[in-house]
Amino acid sequence: GENVEQHPSTLSVQEGDSAVIKCTYSDSASNYFPWYKQELGKGPQLIIDIRSNVGEKKDQRIAVTLNKTAKHFSLHITETQPEDSAVYFCAATSARQLTFGSGTQLTVLP
Amino acid sequence: SAVISQKPSRDICQRGTSLTIQCQVDSQVTMMFWYRQQPGQSLTLIATANQGSEATYESGFVIDKFPISRPNLTFSTLTVSNMSPEDSSIYLCSDMTYNEQFFGPGTRLTVL
């Protein structure tokens, strides 16, 4: 089955700096890669996703890149704000089933 | 995206008892899922809730422990049976629409 690895497990940045979270996947058949943000006491919220026919996607301060050859994808958050502090999960879909990474605790320091 | 609600939002239960968690979606969805998130961990798929038929369970999860119902396209229940402290987790309902997957707010379960 699919295996998704996520790094780093924790990340602290100064407000206004950029944050990058990286994931690798194992199943070359995976074709959909969502990112979720989970705030304390809440369910995961889909913030951006990318499909295998696209190399990059951007939505305001958030961007995701995908390298199919290397089987890795990354989340980029620019101009970070304190409200970006949360746990972020990457995921990969193979056979319509999501496999999640282990999560990254992002802390944005004011 | 569909709005997903869960009840209860949290509960504290005694060892050996059972708890049924309800999941309601505000529109008809093809696929519904149940996940478990243990403290400080990632999400693990328990099962796919199939409308009108038995749920499809992932390795390590069995129907006797986690019976699931899905009587229609907007509602599902997950029961955590004969609970032990190891069942203390967040249980999340999820739906898939146009290949995008969304999650409910979760049910935080503590077993004493």
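The values are calculated or read from the model by the stated rules, or taken from the named source; none is laboratory data. Please read these numbers as outputs of a predicted model, since none were measured by experiment. Ideal geometry is used to build each Cβ from the backbone, glycine not excepted, and the neighbour counts take in all protein chains shown.
At a glance:
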quantity	calculated
Evaluation of B:PHE66 against (1) part of a strand (DSSP E or B); (2) within 10 Å of the chain's Cα centre (by Cα) (one fails), failing number	(1)
Meets criteria (in contact with a Leu (Cβ under 9 Å, 6 or more places away or on another chain) and in a loop (DSSP other than H, G, I, E, B)) for A:VAL20	no
Pair list, Cβ under 8 Å, 6 or more apart: the range A:92-103 residue more than 8 Å from every other protein chain (Cβ to nearest Cβ), other residue part of a strand (DSSP E or B) and hydroxyl-bearing (Ser, Thr, Tyr)	A:ALA92/A:TYR25; A:ALA92/A:TYR32; A:ALA92/A:THR99; A:THR99/A:TYR25; A:THR99/A:THR93
Sole residue being aromatic (Phe, Trp, Tyr) and free of Cβ contacts under 8 Å to residues at least 24 places away in the same chain, chosen from B:TYR57, B:TYR35, B:TYR91	B:TYR57
Tally of residues being surrounded by fewer than 16 Cβ atoms within 10 Å (Cβ to Cβ), more than 12 Å from B:ILE90 (Cβ to Cβ) and either touching a residue at least 24 places away in the same chain (Cβ under 8 Å) or of a type in the set (Gly, Ala, Ser) (or both) across the range B:38-54	2
Meets criteria (in contact (Cβ under 8 Å) with a residue 24 or more places away in the chain, within 14 Å of chain A (Cβ to nearest Cβ) and either of a type in the set (Val, Ile, Thr) or buried (at least 16 other Cβ atoms within 10 Å of the Cβ) (or both)) for B:ILE68	no
Scope the range A:61-110; condition in contact with a helix residue (DSSP H, G or I) (Cβ under 7 Å, 6 or more places away or on another chain), within 17 Å of A:LEU46 (Cβ to Cβ) and part of a loop (DSSP other than H, G, I, E, B); matching residues	none
Hits in the range B:69-82 (condition: in a loop (DSSP other than H, G, I, E, B), of a type in the set (Ser, Thr, Tyr) and modelled with pLDDT of 95 or more)	B:SER81
Condition check for B:PHE102: under 29 Å from A:SER9 (Cα atoms) and either in contact (Cβ under 8 Å) with a residue 24 or more places away in the chain or crowded, with 20+ Cβ neighbours inside 10 Å (or both)	yes
Criterion (of a type outside the set (Gly, Ala, Ser) and either surrounded by 13 or more Cβ atoms within 10 Å (Cβ to Cβ) or on the phi > 0 side of the Ramachandran plot (or both)) met by exactly one of A:THR10, A:THR69, A:THR65	A:THR65
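Conditions (1) within 17 Å of B:ILE68 (Cβ to Cβ); (2) at pLDDT 95 or above, marked per residue:
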| residue | (1), (2) |
| --- | --- |
| B:GLN6 | yes, yes |
| B:ILE12 | no, yes |
| B:THR17 | no, yes |
| B:THR20 | yes, yes |
| B:GLN28 | no, no |
| B:MET31 | yes, no |
| B:TYR35 | yes, yes |
| B:GLY40 | no, no |
